[in-house]
Ligand SMILES: [Zn+2]
């Protein structure tokens, strides 16, 4: 009975278009709220923007023994369907041979549904007993993590001792991901007729200089790029400028996607870049530019020897060395990284299918994930293992 109900919840979520942008998470959130309420679990709403609300739920009850909370966290939004042709309706939640298709099937409505069902099962098993388990479903993760940021601002994370992020890992244990820094550089010149470039200042030439300076920094990346989270990357992903072919352009820009395993790597790159630009300016006084970060996400890393990871490995029946990292960033950058809260990333979908046409999830993986979440949460609630309150901010030594 409960398996049918779990699949029905997943179907309802995939059928509720929560594409971001613009961020239409409300209907999906209402399905989860209705499900939790039906299972005697109270929900709390936090308005982030009109019609966009984070949903949280806890298994509070009469008894109290204060222990750090284990927070299960997922996001309600999905990326858009995209321009490529799908062979299944992206909001149809069609099931073929045990595979459910639709936008968000992997990333991450299956994770969200699994977490909600886990909460219901705990309620059923433990009745009104108070358990140190919480659920947080955020809005906005796919664009700017606005939901996680608002949660942090209003409620903080002081009682939270561990976090489980239900992003797709194919049912494997993931212990972290790199941080992301998106840099925009704009250059400013002076227009002139295209036949008289000497009378203007060419902003496109300047942005080419800026691109070369950035790639020089990349080629000299220090310190040692070999961390558990993988080598840092710097890629210029957008470049543009100019008005028309016969006009010397007065504006040009580039955008770069950079990924770092440690905050120190990021700091080194930004400082080295700044130094290179300053030196360039001394030699080229017409070089006028502006830089700004478009996005800044911290890396996330949990020591594999932490009890949260160890318990996950025990439940998955894999040995202590079996863990991976993920290539994408998560709400953990916002919620966990600043105070180094131990975080497990574990979810049913296949991360290679995330953001792709014909995104899907195996229903057996979805159902197995519910069992995993339930066993993990129950073992913590019963006191089989402990979470201590948050540690210190991460240092280079923790991560390298
Ligand atoms: Zn996701």
message = Between 56, 298, 110, where does the largest GNM mean-square fluctuation fall for the chain, given springs only between Cα atoms within less than 10 Å?
response = 56
request  = Considering only 178, 109, 321, give the residue with the highest GNM mean-square fluctuation for the chain, with springs between Cα atoms whenever their separation is below 10 Å.
outcome  = 321
message = With bins 20 Å wide starting at 0, give me the P(r) of the chain over every alpha carbon pair, in whole percents.
response = 26, 50, 20, 3, 0
Residue 384/residue 125 FRET efficiency (R0 22 Å; Cβ-Cβ; nearest 0.05) = 0.90
remark   = Here the alpha-carbon Rg of region 182-296 over 2.2 N^0.38 Å rounds to 1.17
query = If you take the C-alpha gyration tensor of region 16-72, multiply each eigenvalue by 5 and take the square root, what semi-axes do you get, largest first, in whole Å?
reply = 26, 13, 9
Length-normalised contact order for region 303-369 - Cα pairs under 8 Å, 6+ apart - percent = 25
ask   = What angle do you read, to the nearest 10 degrees and between 0 and 90, between the alpha-carbon axis of helix 146-155 and the longest principal axis of the chain?
value = 60
key: region 285-379: equivalent-ellipsoid semi-axes (sqrt of 5 x gyration tensor eigenvalues, Cα, Å)   = 33, 20, 11
query = Which whole-number percent gives the relative contact order of the chain, counting Cα pairs below 8 Å spaced six or more residues apart?
reply = 24
query = Against the longest alpha carbon principal axis of the chain, how many degrees, from 0 to 90 and to the nearest 10, is the axis of helix 2-15 turned?
reply = 30
message = For the chain, take the longest principal axis of its alpha carbons; what is the angle in degrees between that and the long axis of helix 263-283, to the nearest 10 within 0 to 90?
response = 10
Most fluctuating residue given options 193, 88, 355, as computed from a GNM of the chain linking Cα atoms under 10 Å = 193
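Computed from the coordinates by the stated procedures, all read-outs in this text should not be read as laboratory data. As the structure is a computational prediction, the values presented were derived from the model and not from experiment. Counting neighbours? That spans all protein chains shown, and the Cβs are built from the backbone with ideal geometry, glycine included.
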